[in-house]
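Worksheet: the structure to be examined is printed underneath.
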Amino acid sequence: MFQKYFSFSRPFVIASLISTGLFLSHCKKDDTHVPSFNSSTDSQYISDDGPKISTTLSGLVLDENQRPVSGAQVEVYGKTITTDAAGEFTLSNIQVPANRCYLKCTKQGYFTGSTALIPKANGEAFVQMVLMGATATHQLDANTGGTANLPNGSSVQIPANGIVKADGSLYSGQVNVTLRHLDPTDEAFPAIVPGGDLAAQRTDESGSMLYSYGILRVLLRDSNGNDLQLANGKEATLTVAISSKQTSDAPSTIPLWYFDEQKGLWMEEGEAAREGSRYIGKVKHFTDWNCDVPGTGVEVEFVIETDGTGSGEGKVERTPIDPENPGEPITTGGIPCTGYPVRKVFMTIGQAWASSDENGVVIRRVPDNRVLPVLLYQGPGLIRKVADIGPFTLGQKPEKRTFKVPCPVFVVGRTVCNGNPIQANFVLNTSEIFSYGKRPTDERGVFRVTVAPGYESSITIIDHTTGKMRDITFKAPNEDGVTVELGNVELCEPPKAVLNENTVTLNGDGFTNEVMDLNKLSASDNAMIGYCTNEESTRASVGNDQTDPVSLVLQWPGCEKGEFNGLCSTVNGTYGCRPSINVTVVKDGKRLNYYTAYGPNGPEKIKQNKITVTRYDDKLIEGTFSGVVTRHDSKTNQWYDLYVKDAKFSVRRK
């Protein structure tokens, strides 16, 4: 589940030179880095009234299947931006609170996504938000009420005559309920939990950091998709399943918290009582509801840097994708990666997420009195637990810790069109995660990505101007720090081979020496194709038998030049070695189909068929043919022969 929601390898796609790229910072670790604002209390941390700073935010929005969500609206303190086709966004030099920056993301058909981070003045932060689908899971009647149940025992019970429209008027009719449960012990939880950090405000308006025992997300809508809500004075009953991993320390009663999407905080309201492995409580409105124990926040700080032990550091392996056109070497030597800070590394700290900034620094506020596992993702194929931290006591300032990560494998290549470098976009894919976002090559067409040693991946190259794509696959060597050169990646198709004559003369069944030029009659020469089949025969199509006034399908044994006639000995079936000619022609508004060896005396008629292949190379298949084909009129039960002579064909080989 963890990898389902975390696209951590995406930040390892490097769009510029490694010295200024996304993986390694361009300088050694900056030990002078400090947070922009020290929130000594949780109340200071959640407040919007503190000092403001200028910072840059970039991020990625995904759905639950790891696909980029385009057209989503990301809102940050009065600024709104729409995600691009790769699900990405960037807000440069915006004013945000120094203590905590909250981001919200919306798109029709999804629950609202949100996250928060501790920003750095004049720095850059990297975030990821996952949008949960909001398709209805249950249908209830507003008049009678009812209960929507999930398989894990979670549920929501709606009272009779207790639902209102947005204007407050009573609603009567079908209620479409979307009910989703979030399990805090699932490794995906930090990626999708509303707010991202479980920051909260208590009933006395003081701040707190929460530890969750389960969340229910509830949406009510009418048949037209309009939001519905509980009526004033009405209550609904929530039942929240407790994970088996948490039942040993789950308290007998627990505060309930709803998520305020405007403030980006969990707000305390009511409580739930434990009954076995479930919490049950009553609520007066619908939103995301959370069963949490409040705690006091402690700020932790980590530095992520390379361990400097890459066995392949400085090495270059050249394994061109197109061996016949590898191009000039891209690098003159390997890339050093000893003791450098690593940016855009994503991790989870307990139930919260975090990512490293441009100096490899991670700062996050976490609850006290908890042992919190730290999981780190270095790149595609490599997730690992690096530490357990805590429990921390009130007022404790934990020491800054450094986590070492292995050097990755650096993969470089060059996009070209007919051998000439061109700028393009590229997307790194792996077998485990769907997409890592679109990045541009540099002005020389060079792309660079980093992956874990031994990891099998693919890159999709996208031409800027034509939109054409090419997928290339590779497996990284098992040496940390080695550079793999893929050479030139050709994006442009060679010019189409020019077709020669495609003509046929027809006699019989109402035709008298009628010469047809299929090149002129066909709507597109894309229908003139030939290929070698798996059965080691060749099939050539001239024209489209559904749209063109005349079309041909020829088939003969073998995939080479030669003469093939109907006099050969039978192999692989009755007519296996003999040439086949099928003709489709429109006559008097009717589409007539003629086949080889069809109807009475078919075996004798096929002996008249002959196909001579005069050209068979990687561009064109050409030749001549003649013979007799037959159609059947089902209404009259009559058979009609059509004689083909002086026919020439020219098709592109695929």
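The values are calculated or read from the model by the stated rules, or taken from the named source; none is laboratory data. None of the values given here were measured: they were computed from a predicted structure. Methodologically, a virtual Cβ is constructed for each residue, glycine included, from the backbone with ideal geometry; neighbour enumeration extends over all protein chains shown. These accessible areas exclude ligands, DNA and RNA; they are computed on the full protein's heavy atoms, side chains included. Shrake-Rupley method; radii C 1.70, N 1.55, O 1.52, S 1.80 Å.
Criterion first (open to solvent by 20 Å² or more (accessible area, probe 1.4 Å), over 20 Å from Gly558 (Cβ atoms) and touching a helix residue (DSSP H, G or I) at 6+ places or on another chain (Cβ under 9 Å)) does Gly589 satisfy it? Talk me through it step by step, then tell me what you get.
Details: open to solvent by 20 Å² or more (accessible area, probe 1.4 Å): yes; over 20 Å from Gly558 (Cβ atoms): yes; touching a helix residue (DSSP H, G or I) at 6+ places or on another chain (Cβ under 9 Å): no.
For Gly589, the condition - open to solvent by 20 Å² or more (accessible area, probe 1.4 Å), over 20 Å from Gly558 (Cβ atoms) and touching a helix residue (DSSP H, G or I) at 6+ places or on another chain (Cβ under 9 Å) - is not met.
Asp480 satisfies every condition listed in (1) touching a residue at least 40 places away in the same chain (Cβ under 8 Å); (2) surrounded by fewer than 15 Cβ atoms within 10 Å (Cβ to Cβ) except (2). The listed residues are Ser154, Ser169, and the only one of them that is modelled with pLDDT of 95 or more and in contact with a Gly (Cβ under 8 Å, 6 or more places away or on another chain) turns out to be Ser154.
Can you find, within segment 334-348, the residue that is farthest from Ser58 (Cα to Cα) among those that are assigned to a loop (DSSP other than H, G, I, E, B) and open to solvent by less than 30 Å² (accessible area, probe 1.4 Å)? So, considering only residues that are assigned to a loop (DSSP other than H, G, I, E, B) and open to solvent by less than 30 Å² (accessible area, probe 1.4 Å), the one farthest from Ser58 (Cα to Cα) is Gly334. All of (1) within 17 Å of Lys263 (Cβ to Cβ); (2) surrounded by fewer than 18 Cβ atoms within 10 Å (Cβ to Cβ) hold for Leu117 with one exception: (2).
Taking the condition open to solvent by 40 Å² or more (accessible area, probe 1.4 Å), among the polar types (S, T, N, Q) and either under 30 Å from Ser92 (Cβ atoms) or over 31 Å from the mean Cα position of the chain (by Cα) (or both), does Thr135 pass?
Taking the combined requirement at face value, the residue does not satisfy it.
For segment 92-116, the set of residues classified as within 23 Å of Asp49 (Cβ to Cβ) and over 22 Å from the mean Cα position of the chain (by Cα) consists of Asn93, Ile94, Gln95, Val96, Pro97, Ala98, Asn99, Arg100, Cys101, Tyr102, Ala116, listed by residue number. Residues that are in contact with a strand residue (DSSP E or B) (Cβ under 6 Å, 6 or more places away or on another chain) and closer than 22 Å to Val366 by Cα: does segment 277-284 have at least one? Checked segment 277-284: no residue is in contact with a strand residue (DSSP E or B) (Cβ under 6 Å, 6 or more places away or on another chain) and closer than 22 Å to Val366 by Cα.
Going through (1) out of contact with any Asp or Glu (no Cβ under 7 Å at 6 or more places or on another chain); (2) in a strand (DSSP E or B) one by one, Tyr45 falls short only on (2). Of the residues examined, Lys468 is one that is modelled with pLDDT under 80 and open to solvent by 80 Å² or more (accessible area, probe 1.4 Å). Per the conditions (1) surrounded by fewer than 17 Cβ atoms within 10 Å (Cβ to Cβ); (2) touching a residue at least 40 places away in the same chain (Cβ under 8 Å); (3) closer than 11 Å to Val69 by Cβ, the sole criterion not satisfied by Gly109 is (2). Residues in segment 447-465 that are crowded, with 19+ Cβ neighbours inside 10 Å, in contact with a Pro (Cβ under 9 Å, 6 or more places away or on another chain) and over 20 Å from Tyr377 (Cβ atoms): Phe447 only. Strands (runs of 3 or more DSSP E) fully within segment 583-653 that include at least 2 residues being under 17 Å from Asn502 (Cα atoms) and either out of contact with any strand residue (DSSP E or B) (no Cβ under 8 Å at 6 or more places or on another chain) or among the β-branched types (Val, Ile, Thr) (or both): 610-616, 620-633, 638-653. Checking the stated criteria, Tyr595 turns out to be touching a residue at least 24 places away in the same chain (Cβ under 8 Å), open to solvent by 60 Å² or more (accessible area, probe 1.4 Å) and not small (Gly, Ala, Ser). Scanning segment 279-314 for residues that are open to solvent by 30 Å² or more (accessible area, probe 1.4 Å), part of a loop (DSSP other than H, G, I, E, B) and at pLDDT 85 or above gives Lys284, His285, Thr296.
Scan segment 255-278 residue by residue and report those that are part of a loop (DSSP other than H, G, I, E, B) and open to solvent by less than 50 Å² (accessible area, probe 1.4 Å). Walk me through it before giving the result.
Quick first cut of segment 255-278, residues part of a loop (DSSP other than H, G, I, E, B) only: 261-264, 276-277.
Correct list: Gly264 only.
Taking first residues from segment 72-95 that are under 14 Å from Gly113 (Cα atoms) and partners that are aromatic (Phe, Trp, Tyr), the Cβ contacts under 7 Å between residues at least 6 apart in sequence or on separate chains come to Val74/Phe89; Thr83/Phe89. Checking each residue in segment 158-176 for being in contact (Cβ under 8 Å) with a residue 40 or more places away in the chain, open to solvent by 80 Å² or more (accessible area, probe 1.4 Å) and closer than 26 Å to Gly109 by Cβ picks out Lys165, Ala166, Gln174.
What residue, among those in segment 202-254 that are small (Gly, Ala, Ser) and on the phi > 0 side of the Ramachandran plot, is most open to solvent (accessible area, probe 1.4 Å)?
Result: Gly233.
Applying the set (1) open to solvent by 20 Å² or more (accessible area, probe 1.4 Å); (2) farther than 25 Å from Leu103 by Cα; (3) not β-branched (Val, Ile, Thr) to Ser355 leaves exactly one unmet item: (2).
Restricting attention to segment 358-388, the residues being part of a strand (DSSP E or B), crowded, with 22+ Cβ neighbours inside 10 Å and modelled with pLDDT under 80 number 3.
In segment 497-512 there is at least one residue matching the filter, namely being of a type in the set (A, V, I, L, M), free of Cβ contacts under 8 Å to residues at least 24 places away in the same chain and either closer than 30 Å to Thr415 by Cβ or assigned to a loop (DSSP other than H, G, I, E, B) (or both). Picking from residues in segment 610-654 that are on the phi > 0 side of the Ramachandran plot and surrounded by fewer than 18 Cβ atoms within 10 Å (Cβ to Cβ), the one that is nearest to the chain's Cα centre (by Cα) is Asp646. Applying the selection to segment 202-236, what residues are among the polar types (S, T, N, Q), more than 12 Å from Asp292 (Cβ to Cβ) and not in a loop (DSSP other than H, G, I, E, B)? Result: Gln229, single match.
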